[in-house]
Amino acid sequence: MNPSERFSMSLGEAIFSLRAIRRVKPDPIPEGDLRDMLLAATRAPSGGNGQPWHFLVIQDAEQRAKFGELYREAWWAKRADQGIHGPDDIDASNHTTQSAMRLADEVGEAPAIVLVCSTEQGAGAMGSVIPAVQNLLLAGRALGIGGTITTLHAVGDERVKTMFEIPSGAQIVYCVPLGYPKGSFGEVTRKPLDEVVSTEAWGTPLE
């Protein structure tokens, strides 16, 4: 079957029900599904059609566990940069950060983790990776597979590159844990359009 025929969900449904999935089941993702999701990722546009991306898929349980330890250390290093040094420093009402903290503890349990790398240095190359990640997540949504976009921290970046033999000329842009959601997809909360869109000049509302 042509991979494009597998993504029968309408684009509108995929876009408007795609949400960050941070809690996933341990059930393995079929290789065919992962391959088609990655194929969809490579169909994204990039600056000058340079395609400066490389996707490192981690499925081995031992490797995922080792990565999970480094990810958790990196997550807390980022929080320390913000003056947050432990769970008690995070407001219980801040559900997004609470969820992200739980992900830091559980990321190694996701059945597949994709390290999205840029094969070139610089902000331009990183920017060309972003549409590919969106394609990856939209394709996953059509297959019932969820994920979220996360980043590492300098405290663990080089160790992760060493662990997975990532060449020095490449940079890790995102870490995307994938799996079947423990929760559900659905509507997301976003700012109203008139708060984030102007026409002709900044501050002029779109009619």
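The values are calculated or read from the model by the stated rules, or taken from the named source; none is laboratory data. Not measured: the values here are computed from a predicted model. Note: ideal-geometry Cβ built from the backbone for every residue, glycine included; neighbour counts use all protein chains shown. Heavy atoms of the whole protein, side chains included, go into the accessibility calculation; ligands, DNA and RNA do not. Shrake-Rupley method; radii C 1.70, N 1.55, O 1.52, S 1.80 Å.
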Original post:
Of all the residues that make up the stretch 59-69, how many are touching a residue at least 40 places away in the same chain (Cβ under 8 Å) and more than 17 Å from A170 (Cβ to Cβ)?
Top reply: 6
Subject >> Positions within the stretch 118-129 being touching a residue at least 12 places away in the same chain (Cβ under 8 Å) and either on the phi > 0 side of the Ramachandran plot or open to solvent by 30 Å² or more (accessible area, probe 1.4 Å) (or both), in sequence order >> reply: T119, E120, Q121, G124, M126, G127
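To keep it simple, each residue is scored yes or no on (1) assigned to a strand (DSSP E or B); (2) under 23 Å from S46 (Cα atoms).
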site	(1), (2)
L136	no, yes
G140	no, yes
G156	no, no
P167	no, yes
Y174	yes, yes
K191	no, no
D194	no, no
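Quick grid of which residues meet (1) without any contact (Cβ under 8 Å) to a residue 60 or more places away in the chain; (2) open to solvent by 70 Å² or more (accessible area, probe 1.4 Å):
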position	(1), (2)
I15	no, yes
A44	no, no
G50	no, no
W53	no, no
V57	yes, no
S93	yes, yes
L103	no, no
V107	no, no
**OP:** Considering each of L136, L70 in turn, give the residue that is among the aliphatic types (A, V, I, L, M) and more than 20 Å from P181 (Cα to Cα).
**Re:** L70
**OP:** Kindly indicate which of I166, I172 is on the phi < 0 side of the Ramachandran plot, under 17 Å from the mean Cα position of the chain (by Cα) and open to solvent by less than 40 Å² (accessible area, probe 1.4 Å).
**Re:** I172
